[in-house]
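One structure is given here, and the rest of the page talks about it.
The values are calculated or read from the model by the stated rules, or taken from the named source; none is laboratory data. As the structure is a prediction and not an experimental result, all values here were calculated from the model. Glycine also receives a Cβ, built like all others from the backbone with ideal geometry; neighbour counts cover every protein chain displayed. Side chains included, ligands, DNA and RNA excluded: accessible areas come from the protein's heavy atoms. Shrake-Rupley method; radii C 1.70, N 1.55, O 1.52, S 1.80 Å.
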Amino acid sequence: MEALVVRKLGDPTTRDRESSPIVLSKEEAIPALESPTAVRVRVKASSLNYANYLQIQGKYQEKPPLPFIPGSDYSGVVDAVGPKVSQFKVGDPVCSFAALGSYAQFIVTEESQLFRVPDGCDLVGAGALPVAFGTSHVALVHRAQLSSGQVLLVLGAAGGVGLAALQIGKVCGAIVIAVARGTEKVRFLKSLGVADHVVDLSSQSVTVTQSVKDFLKSRNLKGVDVLYDPVGGKLAKEAMRLLNWGAHILVIGFASGEVPVIPANIALVKNWTVHGLYWGSYKIHRPHVLEDSVRELLSWMARGLITIHISHTYNLSEANLAFSAIEDRKVVGKKQKYTGGRHTRAHLGDIDLKRSSYGAPSAAGHLP
């Protein structure tokens, strides 16, 4: 089978085959069913997350031994089942997530780890759901317990986890404020009709703080109840000035490259709750939380309450281009890798990013 294999650590964006850490192998063995309850999936699409980019460079907290096949969330159809599998049959549309291995034509997992994609749902879109939407769902619903009427401020709102947070916030009935950089990203966010207010970081006429304060004043609101932060850096520090007493801070990642300092003295006085959210560790410590989360998200997707926005799609042979789009900060929403064949290529989503230049990708640095 074809698979993207990391032979050494390094920059996956390089086009020089000799120096590239990634190789498209056409001779990988198709994984066997190693247990009676195992299921083999023919992968249709796999999402590209910021963590995948970091992992290939050796900059991620989890460092698998070389060589390895990267990739986390994916969708596809059941190709083979073990003799004791009862919930799935060959041909069923499914999605799931893994620590490694989804950048390949086939992947094997246990029956208990798979989720059936509901009828009417886009199978490619489902491949981008578990990690980005799962991160935001666990953060907002399980950890912060976001409720109707609360004010949610989302930094990096045009990235994968950011867009997910906006939509989940709206499903929860929150008043949603989105922060992104650049005219086209802001236009895209406004076109979705999800955010109640959108702030452009590139605007020279008003600061983020002032823009949000003006909006809150217009709604007779005192401040922000939940801060969703996959960016970190100076922006996070500025956003903390907007928080209410008793606010929740969700630390999702550090796409800016700078880890923010959260002042403990102010957190004490204002009774803030700071949540570190490493989504992948739930699979080890509280797997039922992830399972319930993905099931609810799939039900929301089937009902049209959330939509997966995919900015680019690539086949495996174009992996360096896919990673370059993250490095060059051109991503709005999610990126997908197709594994259905070398020449399978399509564009999905609202904006063709190949002709645009965007701000920082908002993928979290702490995704699995």
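Where both partners of a DSSP beta bridge lie in the chain, what percent of those bridges are antiparallel, to the nearest 5?
On the way: 29 of 55 bridges.
The antiparallel fraction comes to roughly 55 percent.
Residues of the stretch 184-204 with amide nitrogen under 17 Å from the 7 Å Cα-to-Cβ point of Lys213? Residues 199-200, 204 qualify, since their backbone N sits under 17 Å from the label point. Quick check: from the Cα gyration tensor, does the stretch 178-238 come out rounded (a/c under 1.5), prolate or oblate? Note, shape of the stretch 178-238 comes out rounded.
What net charge do the residues around Gln113 carry, taking every other residue with its C-beta under 11 Å from that of Gln113, with Lys and Arg at +1 and Asp and Glu at -1? Here the count lands on -2. Within the stretch 136-166, whose backbone N sits under 20 Å from a point 7 Å along Cα→Cβ of Val206? Output list for this probe position: 151-158.
When the chain is described by a simple charge dipole with +1 on each Lys and Arg Cβ and -1 on each Asp and Glu Cβ, the residue from Pro287, Ala322, Asn220 located farthest towards its positive end is Asn220.
Once the Cα gyration tensor of the stretch 152-311 is diagonalised, what are the square roots of 5 times its eigenvalues, in whole Å and ordered largest first, as equivalent ellipsoid semi-axes?
Details: eigenvalues 115, 88, 47 Å².
Equivalent-ellipsoid dimensions as semi-axes: 24, 21, 15 Å.
Under a model in which nothing but the beta-carbon of Lys, Arg (+1) and Asp, Glu (-1) is charged, the stretch 158-215 shows a dipole of about 80 debye around its Cα centre.
Taking 10 °C and 1.306 mPa s as conditions, the stretch 289-330 diffuses translationally at an estimated 125 µm²/s according to Stokes-Einstein applied to its Kirkwood radius (Cα pairs).
Where the alpha-carbon atoms of the stretch 155-207 are placed on the principal axes, they occupy 33, 19, 18 Å, in descending order.
Quick check on my link table: of Lys26/Lys89; Lys190/Lys234; Lys190/Lys213, which ones sit more than 22 Å apart, alpha carbon to alpha carbon? The answer is Lys26/Lys89; Lys190/Lys234.
How much of the accessible area of the chain, probe 1.4 Å, is carbon plus sulfur, in whole percent?
On the way: 7630 of 15400 Å².
Using a 1.4 Å probe with all protein chains present, the chain comes out at 50 percent carbon and sulfur.
Between Glu258 and Arg15, the modelled label-to-label distance comes to 3.3 nm, taking each label 7 Å out from Cα in the direction of the beta carbon. So what does log10 I(q)/I(0) come out to for the stretch 1-123 at q = 0.10, 0.11, 0.15, 0.22 Å⁻¹, using the Debye formula with one equal point on every Cα and no solvent? The Cα Debye sum returns log10 ratios of -0.33, -0.39, -0.70, -1.21.
Taking every pair of Cα atoms in the stretch 69-175, average 1/r, invert it to obtain the Kirkwood radius, and report Rg/Rh to two decimals. Display every interim value, and only then the final one.
Working: Rg = 16.1 Å, Rh = 15.3 Å.
Rg divided by Rh gives 1.05.
Normalised by 2.2 N^0.38 Å, where N is the number of residues, the alpha-carbon radius of gyration of the stretch 95-230 equals 1.21. For the chain, the 222 nm mean residue ellipticity estimated from helices alone, with every DSSP H stretch of n ≥ 4 adding -39500 (n - 2.57) and the total spread over all residues, rounds to -7000 deg cm²/dmol.
For the chain, what is the convex hull volume of the alpha-carbon atoms per residue, in Å³?
So the per-residue hull volume is 133 Å³.
Surface exposure of the chain, expressed per residue as accessible area with a 1.4 Å probe, stands at 42 Å².
Report the longest stretch of the chain that contains none of the trypsin sites (Lys or Arg not before Pro) sitting in a DSSP loop with at most 15 other Cβ atoms within 10 Å. With a cap of 15 other Cβ atoms within 10 Å, the longest stretch comes to 90-218. Find out how many positive minus negative residues lie around Trp300, taking Lys and Arg as positive, Asp and Glu as negative, among other residues whose Cβ is under 14 Å from that of Trp300. Every neighbour counted, the sum reads 0. Using the Cβ-Cβ distance between Ser299 and Asn271 with R0 set to 30 Å, the FRET efficiency from 1/(1 + (r/R0)^6) comes to roughly 0.30. Taken about its Cα centre, the stretch 2-143 carries a charge dipole of about 180 debye when Lys and Arg each add +1 at the Cβ and Asp and Glu each add -1 at the Cβ. Cα centroid separation, the stretch 273-306 to the stretch 68-109: 19 Å. I need the Debye-formula profile for the stretch 1-50: one equal scatterer per C-alpha, no solvent, reported as log10 I(q)/I(0) at q = 0.17, 0.29, 0.30, 0.32 1/Å, two decimals. Each listed q corresponds, in turn, to -0.71, -1.15, -1.17, -1.20.
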